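Read-outs throughout are calculated quantities, based only on the coordinates presented, and are distinct from any laboratory measurement. Since this is a predicted model, take the numbers as computed values, not measurements. Note: ideal-geometry Cβ built from the backbone for every residue, glycine included; neighbour counts use all protein chains shown.
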Amino acid sequence: MKPHRKIKSFVCRNSRMTVAQRDAFKRLAAEFVMPAERFLREVASSDINKNIQLSCQHAFSWHPVTFKKDSGCHLSQKALGWHDNSFCILEIGFGNGKSLLTSAKENPEKNFIGIETHQPGVASVLMGIEKHQIKNIKIFYADAVDVLQKNIPDHSFNVIQIFFPDPWPKRRHNKRRLIQPEFVHLLTQKLKQDGVLHLATDWEDYAMHMMTVLSNNESLINQAGKNQFAERSLQRPIVTKFEQRGLRAGRKIWELQFALSFTKLSGEKY
Ligand SMILES: C[S@@+](CC[C@H](N)C(=O)[O-])C[C@H]1O[C@@H](n2cnc3c(N)ncnc32)[C@H](O)[C@@H]1O
């Protein structure tokens, strides 16, 4: 696989946070937001972001994670105080985090890592973590491409979920879509031996593109059968904000579940 071309799949919006979100960030980032140093340096222009950067450096100072100056922390479940071999789910681009929070609440025995570039979304999850006393979520406020390349060891996750990634519908923007062969190759490296890649979108042409990219990846097998989309999965516990938007606009939901090809296909869902 050729070297990874950097996908710029998101826009760093100058989004306002509510007072409650800013407060949650200041108080909780140190405990729940993992240090992904480069991104924080890049976005650390506002006061609130400087605070976050300090919080995350603080987090690093007490988190027993291996940290190399240029490459950020190297995450392991053990380093987070979790059992190293626990079932671990990664959600990329969790938006307002409602699906992530619901899954974590419903599955306290599993661990969840979320990656999101949208600051108010991260803050909302921090508020949810506090409100429901959730112990099994850690967040990266960062670009997933960077985090996967620099912070996450191979074979870390049982499941990687990407629900309703930005569709970039204009043809000239299609190259900004997250689901590309190089990125999917990176994702497969981060899956454990029995790992599953779980995607959903409400954009038909993106769904077809996802099907082509995943089907062409030799490490992956379509759990629904060749070229078949999956049924709505129980692992998507709620209708997300962007799913709702798609449904309201009359679009169909397309779901894909691919497992690493050496996964034993027991017929059970993950
Ligand atoms: C269309 S929204 C979907 C949010 C949520 N999953 C839902 O269904 O409501 C896509 C989200 O992915 C995030 N995102 C896009 N590219 C990303 C990247 N490279 N790393 C992390 N998050 C990213 C965006 O900030 C945005 O919140």
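Things worth noting here:
- A simple packing score, the average count of other Cβ atoms within 10 Å per residue, orders the peptides 200-208, 244-252, 215-223 as 200-208, 215-223, 244-252, with the highest score first.
- Rel. contact order, % - alpha carbon contacts under 8 angstrom, at least six apart, region 111-270: 22
- Given Lys105/Lys226; Lys131/Lys170; Lys135/Lys241, the pairs whose alpha carbons are separated by over 28 Å: Lys105/Lys226; Lys131/Lys170
- Note on Thr18/Arg248: beta-carbon distance plugged into 1/(1 + (r/R0)^6) with R0 of 35 Å gives a FRET efficiency of 0.90.
- Charge dipole magnitude, Cβ of K and R +1, D and E -1 - region 132-244, Cα centre, debye nearest 20: 260
- Extended-chain gain in nm, criterion 0.36 nm per residue less alpha-carbon gap, Glu31 and Asn227: 66.3 nm
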